[in-house]
Amino acid sequence: MASRNIRWQLFALIALILNGCVKSPKLPETLIAHHLKYQIEYLEDKAGDIPTKILPGQMDAYYTDYFVLSRIEGFLEQFTLTQIADLRREKVTTMLRFFDSKFYYEGKNGELPVAIIEPKKMDVTLTGETTLIGGLHSERVEVDTGDEKFNIYLTKDFDVKRPNIATPYRSIDYPLSEFRVQLSLLKMVLSCKEFETKTIDSQLFEVPPEYRLVSKEDMENIINSLFTKD
């Protein structure tokens, strides 16, 4: 009897482990997304050797319950930088297309996207002061990095869990309607100029098969090389 009980306990334990290993259910074919079009303002005239006036002036972002995707395109549509934040796994995949070359890197849990510079220190203070940015009711947030102070803005007009894991503002629980970020040598402010809610294909958040997996170091080197003339 004792051995039978032990067998049943082992069986129950194995079943519990296997059940815990079951993958999350597949995504639906379509998702409701909050689509923000951000206007890009560059804080310096040049990023490395490249004049910022020739760089893209817009970033598209799609906020859903499962993913947040941001995408910048430029150079006559020959350049695309995409960041896909998996909100359930708290991982960010960086995809880069430059002419016919296509690469991607899948970040580790809690890791910022490749080449995003995070200040060593960041204190954020909610002010309660509100304004309208790109059609979104937005609250001013004071940011102090120790080296500089500036304002960003969050919005509560729509709700997404962990919306900022692809930015240095991960401690803020609401989407950002205006914020500052540095990508490699590129310092910029992104401000929402248009907002809409739409249905999109969930395949948007998948890495196409023609993209080649590279290491974080290789992806950093590739992105940094974009700002040199050589």
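Just so you know, all these numbers are worked out from the coordinates, no wet-lab data involved. All values derive from a computational prediction rather than experimental measurement. All Cβ positions, even for glycine, are placed from backbone atoms using ideal geometry, and neighbour counts span all protein chains on display.
Computed values, structure above
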quantity	calculated
Under 18 Å from K53, Cα to Cα: aspartates and glutamates that are on another chain or at least 8 residues apart	E41, E44, D45, E73, E77
Residues in segment 162-192 reached by a label modelled at D45 [backbone nitrogen below 19 Å; 7 Å Cα→Cβ]	185-189
Degrees between helix 2-20 axis and first principal axis of the chain (Cα, 0 to 90, nearest 10)	20 degrees
Formal net charge of residues neighbouring E139 (Cβ-Cβ distance under 9 Å; K, R +1; D, E -1)	+1
Residue-span extension gain [F98 to R162] - 0.36 nm each, minus C-alpha spacing	20.1 nm
Contact order relative to length of the chain, as percent, for alpha carbon pairs under 8 angstrom and 6 or more apart	23 percent
Cα→Cβ-extended label distance, 7 Å offset, between H35 and F79, nm	2.4 nm
Amide H within-cut-off set for K46, under 5 Å, with H built and near neighbours excluded	T52
Translational diffusion coefficient (Stokes-Einstein; Kirkwood radius from C-alpha pairs) of the chain at 10 °C, 1.306 mPa s, in µm²/s	81 µm²/s
Above-threshold pairs, the threshold being 26 Å between Cα atoms, out of K46/K120; K121/K193; K193/K216	K121/K193; K193/K216
Anisotropy class of segment 110-192 from Cα gyration tensor, a/c 1.5 cut	prolate
Size of segment 81-132 as Cα extents on the principal axes (Å, biggest first)	46, 27, 24
The chain: calculated mean residue ellipticity at 222 nm from DSSP helix runs of at least 4, using -39500 (n - 2.57)	-4000 deg cm²/dmol
Simple spin-label estimate for L126 and D65 in nanometres, 7 Å along Cα-Cβ	2.4 nm
